[in-house]
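The values are calculated or read from the model by the stated rules, or taken from the named source; none is laboratory data. As the structure is a computational prediction, the values presented were derived from the model and not from experiment. A quick note on method: Cβ atoms are made from the backbone with ideal geometry, for glycine too, and the neighbour counts reach across all protein chains shown. In case anyone asks, the SASA skips ligands and DNA or RNA and just uses the protein heavy atoms, side chains included. Shrake-Rupley method; radii C 1.70, N 1.55, O 1.52, S 1.80 Å.
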Amino acid sequence: MRIVVLVSGTGSNLQSVIDAVATGELPHVEIAAVGADKHGTYGVERSAAAGIETFVVNFKDYADRGQWNHELTEKCLSYRPDYVVSSGFMRIVGEEFIDAFDGTYINTHPALLPSFPGAHGVRDALAYGVKVTGCTVHIADAGVDTGPILRQEAVAVRDEDTEDTLHERIKLVERRLLIDTLADLATGK
Ligand code: GAR
(Lines give C-alpha, C1' and ligand atoms only; values in the text may rest on other atoms or scores of the structure.)
Protein backbone atom coordinates (compact mmCIF):
# COMPACT_ATOMS: atom_id res chain seq x y z
CA MET A 1 0.00 0.00 0.00
CA ARG A 2 1.60 3.22 -1.16
CA ILE A 3 1.00 6.29 0.99
CA VAL A 4 1.82 9.95 0.67
CA VAL A 5 2.01 11.71 4.03
CA LEU A 6 1.30 15.44 4.36
CA VAL A 7 2.74 17.47 7.24
CA SER A 8 2.91 21.09 8.35
CA GLY A 9 5.23 20.80 11.31
CA THR A 10 7.23 18.48 13.50
CA GLY A 11 6.01 15.22 12.07
CA SER A 12 6.47 13.18 15.24
CA ASN A 13 3.51 10.98 14.34
CA LEU A 14 4.96 10.59 10.87
CA GLN A 15 8.24 9.49 12.49
CA SER A 16 6.44 6.65 14.22
CA VAL A 17 5.08 5.52 10.84
CA ILE A 18 8.58 5.77 9.32
CA ASP A 19 9.88 3.65 12.22
CA ALA A 20 7.06 1.13 11.91
CA VAL A 21 7.81 0.70 8.20
CA ALA A 22 11.56 0.43 8.88
CA THR A 23 11.18 -2.19 11.60
CA GLY A 24 8.77 -4.31 9.57
CA GLU A 25 5.78 -3.55 11.76
CA LEU A 26 3.96 -2.28 8.66
CA PRO A 27 5.23 -4.78 6.08
CA HIS A 28 2.62 -3.85 3.47
CA VAL A 29 3.11 -0.08 3.66
CA GLU A 30 5.47 1.99 1.55
CA ILE A 31 5.87 5.73 2.15
CA ALA A 32 6.04 6.97 -1.45
CA ALA A 33 6.62 10.59 -0.45
CA VAL A 34 6.19 13.18 2.29
CA GLY A 35 4.88 16.61 1.37
CA ALA A 36 4.43 19.91 3.20
CA ASP A 37 2.57 23.17 2.65
CA LYS A 38 5.58 25.30 3.61
CA HIS A 39 9.36 25.27 3.57
CA GLY A 40 11.51 24.33 6.55
CA THR A 41 9.31 21.82 8.36
CA TYR A 42 11.01 19.27 10.56
CA GLY A 43 8.62 16.69 9.13
CA VAL A 44 10.19 17.06 5.69
CA GLU A 45 13.70 17.25 7.14
CA ARG A 46 13.35 14.01 9.08
CA SER A 47 11.79 12.26 6.05
CA ALA A 48 14.66 13.32 3.80
CA ALA A 49 17.07 12.05 6.47
CA ALA A 50 15.26 8.71 6.33
CA GLY A 51 15.78 8.60 2.54
CA ILE A 52 12.14 9.30 1.69
CA GLU A 53 11.26 11.48 -1.29
CA THR A 54 9.91 14.86 -0.19
CA PHE A 55 8.13 17.82 -1.77
CA VAL A 56 6.79 21.22 -0.79
CA VAL A 57 3.76 22.89 -2.34
CA ASN A 58 4.22 26.20 -0.60
CA PHE A 59 0.83 27.75 0.15
CA LYS A 60 2.29 31.26 0.07
CA ASP A 61 3.59 30.85 -3.48
CA TYR A 62 0.07 30.73 -4.94
CA ALA A 63 -2.19 33.66 -5.75
CA ASP A 64 -5.29 31.76 -4.71
CA ARG A 65 -6.22 28.66 -2.77
CA GLY A 66 -7.59 26.93 -5.88
CA GLN A 67 -4.22 27.03 -7.64
CA TRP A 68 -2.43 25.73 -4.58
CA ASN A 69 -5.01 22.98 -4.21
CA HIS A 70 -4.61 22.02 -7.88
CA GLU A 71 -0.84 21.82 -7.56
CA LEU A 72 -1.07 19.76 -4.35
CA THR A 73 -3.55 17.38 -5.99
CA GLU A 74 -1.33 16.89 -9.06
CA LYS A 75 1.77 16.40 -6.95
CA CYS A 76 0.11 13.79 -4.74
CA LEU A 77 -1.42 11.99 -7.75
CA SER A 78 2.04 11.76 -9.36
CA TYR A 79 3.06 9.26 -6.63
CA ARG A 80 0.06 7.03 -7.38
CA PRO A 81 -0.77 6.57 -3.68
CA ASP A 82 -3.42 4.22 -2.39
CA TYR A 83 -3.92 6.59 0.54
CA VAL A 84 -2.90 10.15 1.40
CA VAL A 85 -2.39 10.70 5.13
CA SER A 86 -2.75 14.11 6.73
CA SER A 87 -0.48 13.88 9.78
CA GLY A 88 -0.49 17.32 11.33
CA PHE A 89 -1.24 18.90 7.94
CA MET A 90 -2.88 22.16 8.96
CA ARG A 91 -4.55 23.18 5.70
CA ILE A 92 -8.03 22.53 4.45
CA VAL A 93 -7.89 20.93 1.03
CA GLY A 94 -10.44 21.79 -1.66
CA GLU A 95 -12.93 19.84 -3.72
CA GLU A 96 -10.46 18.92 -6.48
CA PHE A 97 -8.23 17.18 -3.94
CA ILE A 98 -11.12 15.43 -2.21
CA ASP A 99 -12.51 14.25 -5.56
CA ALA A 100 -9.10 12.88 -6.56
CA PHE A 101 -8.68 11.02 -3.26
CA ASP A 102 -12.31 10.27 -2.52
CA GLY A 103 -12.42 7.99 0.51
CA THR A 104 -8.65 7.56 0.54
CA TYR A 105 -7.64 10.75 2.35
CA ILE A 106 -6.98 9.93 6.02
CA ASN A 107 -6.61 12.48 8.80
CA THR A 108 -5.62 12.23 12.44
CA HIS A 109 -6.93 14.66 15.01
CA PRO A 110 -6.08 15.13 18.71
CA ALA A 111 -9.66 15.15 20.03
CA LEU A 112 -12.73 12.95 20.03
CA LEU A 113 -14.42 14.22 16.87
CA PRO A 114 -16.93 15.65 16.23
CA SER A 115 -15.92 17.53 19.39
CA PHE A 116 -13.17 20.13 19.13
CA PRO A 117 -12.26 20.15 15.42
CA GLY A 118 -9.78 22.67 14.03
CA ALA A 119 -6.21 23.68 14.64
CA HIS A 120 -6.47 23.76 18.46
CA GLY A 121 -8.28 20.56 19.39
CA VAL A 122 -6.25 20.01 22.57
CA ARG A 123 -6.41 23.63 23.73
CA ASP A 124 -10.15 23.86 23.08
CA ALA A 125 -10.91 20.63 24.96
CA LEU A 126 -8.85 21.82 27.93
CA ALA A 127 -10.51 25.25 27.89
CA TYR A 128 -13.96 23.64 27.85
CA GLY A 129 -13.03 21.63 30.91
CA VAL A 130 -13.72 18.14 29.60
CA LYS A 131 -12.41 15.31 31.77
CA VAL A 132 -11.95 12.92 28.86
CA THR A 133 -10.65 13.74 25.41
CA GLY A 134 -8.65 11.63 22.96
CA CYS A 135 -7.83 11.23 19.31
CA THR A 136 -9.49 10.24 16.08
CA VAL A 137 -8.36 8.76 12.79
CA HIS A 138 -10.92 9.35 10.07
CA ILE A 139 -11.51 9.54 6.36
CA ALA A 140 -11.34 13.24 5.58
CA ASP A 141 -13.82 15.10 3.44
CA ALA A 142 -13.90 18.77 2.45
CA GLY A 143 -14.82 19.97 5.96
CA VAL A 144 -12.67 20.82 8.95
CA ASP A 145 -11.80 17.47 10.58
CA THR A 146 -15.00 15.87 9.32
CA GLY A 147 -15.69 12.55 7.62
CA PRO A 148 -16.31 8.91 8.61
CA ILE A 149 -14.46 7.83 11.76
CA LEU A 150 -12.16 4.81 11.46
CA ARG A 151 -10.67 4.63 14.96
CA GLN A 152 -10.95 6.61 18.12
CA GLU A 153 -9.51 6.34 21.59
CA ALA A 154 -10.07 8.22 24.82
CA VAL A 155 -7.41 9.91 26.94
CA ALA A 156 -8.18 11.14 30.48
CA VAL A 157 -7.47 14.78 31.27
CA ARG A 158 -5.51 15.36 34.49
CA ASP A 159 -6.05 18.36 36.75
CA GLU A 160 -2.47 19.48 36.29
CA ASP A 161 -2.48 19.15 32.48
CA THR A 162 -1.27 21.93 30.23
CA GLU A 163 -1.91 21.91 26.49
CA ASP A 164 1.57 20.47 25.97
CA THR A 165 1.40 17.66 28.53
CA LEU A 166 -2.06 16.62 27.38
CA HIS A 167 -1.08 16.76 23.70
CA GLU A 168 1.99 14.61 24.36
CA ARG A 169 -0.14 11.94 26.09
CA ILE A 170 -2.68 12.09 23.26
CA LYS A 171 0.08 11.70 20.68
CA LEU A 172 1.30 8.49 22.35
CA VAL A 173 -2.15 7.01 21.71
CA GLU A 174 -2.56 8.73 18.34
CA ARG A 175 0.62 7.15 16.95
CA ARG A 176 -0.59 3.68 17.83
CA LEU A 177 -4.02 4.43 16.38
CA LEU A 178 -2.52 5.65 13.10
CA ILE A 179 -0.23 2.64 12.75
CA ASP A 180 -3.07 0.23 13.54
CA THR A 181 -5.32 1.97 11.00
CA LEU A 182 -2.64 1.77 8.31
CA ALA A 183 -2.12 -1.91 9.09
CA ASP A 184 -5.86 -2.53 8.72
CA LEU A 185 -6.11 -0.61 5.46
CA ALA A 186 -3.04 -2.35 4.05
CA THR A 187 -4.52 -5.76 4.77
CA GLY A 188 -7.94 -4.79 3.42
CA LYS A 189 -9.75 -4.78 6.77
C1 GAR B 1 -1.15 15.75 15.82
O2 GAR B 1 -1.58 15.66 17.15
C3 GAR B 1 -2.34 15.82 14.87
O4 GAR B 1 -3.44 15.12 15.32
C5 GAR B 1 -2.63 17.31 14.87
O6 GAR B 1 -1.38 17.89 14.78
C7 GAR B 1 -0.45 17.08 15.53
C8 GAR B 1 0.80 16.92 14.70
O9 GAR B 1 1.87 16.50 15.47
N10 GAR B 1 -3.51 17.62 13.78
C11 GAR B 1 -4.53 18.48 13.88
O12 GAR B 1 -4.73 19.16 14.87
C13 GAR B 1 -5.42 18.55 12.65
N14 GAR B 1 -6.60 19.28 12.92
P15 GAR B 1 3.24 16.03 14.79
O16 GAR B 1 3.59 17.05 13.70
O17 GAR B 1 4.23 16.06 15.89
O18 GAR B 1 3.01 14.66 14.24
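Take region 88-189 with all the other protein chains still there, run a 1.4 Å probe, and you get 50 Å² of accessible area per residue. Taking 0.36 nm per residue of separation and subtracting the Cα-Cα distance, full extension of the segment from Asp164 to Val130 would add 10.7 nm.
Extension gain for Ala22 to Met1 (0.36 nm times residue separation, less C-alpha to C-alpha distance): 6.1 nm. A crude spin-label estimate for the pair Met90 and Glu71, with each label 7 Å from Cα along the Cβ direction, gives 2.0 nm. Which percent of the accessible heavy-atom area of the chain goes to carbon and sulfur, probe 1.4 angstrom? Looking at the chain in its full context, I get 51 percent from C and S.
Here the extension length gained between Asp102 and Glu45 equals 17.7 nm, from 0.36 nm per residue of separation less the Cα-Cα distance. Each label was represented as a point 7 Å from its Cα along the Cα-to-Cβ direction; for Ala156 and Glu53 these points are 4.7 nm apart. When peptides 52-63, 27-38, 114-125, 93-104 are ranked by their average number of other Cβ atoms within 10 Å per residue, the highest-first order is 27-38, 114-125, 93-104, 52-63. Note on the chain: lysine pairs with Cα distance below 25 Å, sequence gap of 8 or more or different chains, count 6. Sorted largest first, the spans of the alpha carbon positions of region 1-130 along the three principal axes are 42, 40, 29 Å. Of the DSSP H helices in the chain, those with a Cα length along their own long axis of 30 Å or more and a mean Kyte-Doolittle hydropathy reaching -0.5 comprise 163-186.
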